[in-house]
Amino acid sequence: MVLRFGESSGPKILIIPPLFSEHNLMRRQLVQLMRKLADAGIGSVLPDLPGWNESLQPLETQTLAFWREAMAQAARANGATHVLAVRSGAVLTPPALQGWSYAPQSGAKLLRGMVRARTIASRETGQPETSEDIYQLGRTQGAMLAGWRIGVAMFSELELAEPPKHDALVEIKQGQVGGPALWLRAEAAEDTEQVASLAGIINSGLAESAQ
C-alpha cells in the first residue's frame, strides 16, 4: 500500500518511515507532515514495506537488500524527486535521490534498542535472557524483537547497515525540529509544532535548490 498526498506535478517526496516499532510510533506524525506539505503544494508518498501491514509476504523472509530495492522501485513508480528518510529508515535511502535524513540511526543502534527491550521483558516474565543470547539467536535462527519476527538475513544485515552520507542528503537533527522526539514515547502521538518545523525545513530546502 502507498499513501499519497499533494500535487501530481512538481516536487514529490518519498517518505521512508522508521523501521519496526518506531514506525508505529511515528506514522501518525508522518501523515500529518504529508498533509502539511500538500498544503504548500508539495507532493509526498509513504509506501509500506513488504511484510508490513496488509502485505501478504511474511516478515521473517524479508531482507534489507529487498527493502532497499522496494523503496527504489516506489520512488521510480511514483516519480519521487526527493527523499525524507526518518530514523532507521535512512538505511533504505535510494542513492539516486536528494533530500533529507531526519535523526538518522544505524541498523546496529536499532537492534541494540530492540534487544535491550527483549532482555527487560524476559526478566519481567521470570525467564531472563542476556543480550549475547539474543544476538546469537538472531544470527543463527532469527529472533522475535518487540513483536517483530526478524529473520537471520535481516538481522545480520541490520548489524552492518549505516545511513548514507553525501552532499545531496541533508541531516535534520531533532534540535532543529524542536520538542521531545516522538519515537521515545510509549504510544503514537502527533505534534503540530514539530510538523510545521519539518515542513518549513523541507520547503526552504526546495526553494533554495530551485534557485
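The values are calculated or read from the model by the stated rules, or taken from the named source; none is laboratory data. Please read all numbers here as calculations on a predicted model, not as lab measurements. Counting neighbours? That spans all protein chains shown, and the Cβs are built from the backbone with ideal geometry, glycine included.
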(message) Could you list, ordered by first residue, the pairs with Cβ atoms under 9 Å in which the first is in the stretch 166-185 and touching a residue at least 40 places away in the same chain (Cβ under 8 Å) and the second is among the β-branched types (Val, Ile, Thr) and assigned to a helix (DSSP H, G or I), at least 6 apart or interchain?
(response) Val170/Ile201; Ile172/Ile201; Ile172/Ile202; Val177/Ile201
(message) Could you check the stretch 172-187 and list, in sequence order, the residues that are surrounded by 14 or more Cβ atoms within 10 Å (Cβ to Cβ) and either not aliphatic (A, V, I, L, M) or not in a strand (DSSP E or B) (or both)?
(response) Gln174, Val177, Ala181, Leu182, Trp183
(request) State which residue pairs qualify: first residue within 22 Å of Ala146 (Cβ to Cβ) and inside the stretch 1-25, second residue of a type in the set (Phe, Trp, Tyr) and surrounded by fewer than 20 Cβ atoms within 10 Å (Cβ to Cβ) in any location, beta carbons under 8 Å apart, and separation of 6 or more residues or different chains. (result) Phe20/Trp148; Ser21/Trp148; His23/Trp52
(request) For the stretch 9-17, state whether one or more residues are part of a loop (DSSP other than H, G, I, E, B), over 25 Å from Thr140 (Cα atoms) and at pLDDT 95 or above. (result) yes
(message) Quick check on Val83: is it touching a Gly at 6+ places or on another chain (Cβ under 8 Å) and in the same structural domain as Lys173 (by TED's automatic domain parsing)?
(response) yes
(request) Name the one entry in Arg4, Arg35 that is surrounded by fewer than 20 Cβ atoms within 10 Å (Cβ to Cβ), basic (Lys, Arg) and at pLDDT 95 or above. (result) Arg35
(request) Give me a count of the residues in the stretch 122-135 that are over 21 Å from Glu159 (Cβ atoms) and out of contact with any helix residue (DSSP H, G or I) (no Cβ under 7 Å at 6 or more places or on another chain). (result) 5
(message) For the stretch 33-142, give me every one of the helices (runs of 4 or more DSSP H) that falls completely inside it and has 1 or more residues that are in contact (Cβ under 8 Å) with a residue 40 or more places away in the chain.
(response) 64-77, 107-124
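Conditions (1) touching a Phe, Trp or Tyr at 6+ places or on another chain (Cβ under 7 Å); (2) more than 30 Å from Thr61 (Cβ to Cβ); (3) at pLDDT 95 or above, marked per residue:
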position: Gly147; (1), (2), (3): no, no, no
position: Val152; (1), (2), (3): no, no, yes
position: Asp167; (1), (2), (3): no, yes, no
position: Pro180; (1), (2), (3): no, yes, no
position: Arg185; (1), (2), (3): no, yes, no
position: Ala196; (1), (2), (3): no, yes, yes
position: Leu206; (1), (2), (3): no, yes, no
position: Gln211; (1), (2), (3): no, yes, no
(request) Run down Leu158, Leu206 and say which single residue is of a type outside the set (Phe, Trp, Tyr), in a helix (DSSP H, G or I), in contact with a strand residue (DSSP E or B) (Cβ under 9 Å, 6 or more places away or on another chain) and in the same structural domain as Met26 (by TED's automatic domain parsing). (result) Leu206
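The rows are residues; the columns are (1) β-branched (Val, Ile, Thr); (2) over 14 Å from the mean Cα position of the chain (by Cα).
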| residue | (1), (2) |
| --- | --- |
| Ala65 | no, yes |
| Met71 | no, no |
| Ser88 | no, no |
| Thr93 | yes, no |
| Ala103 | no, no |
(request) Among what's in the stretch 105-125 and is of a type in the set (Ser, Thr, Tyr) and over 20 Å from Ile15 (Cβ atoms), pick the residue that is nearest to the chain's Cα centre (by Cα). (result) Thr119
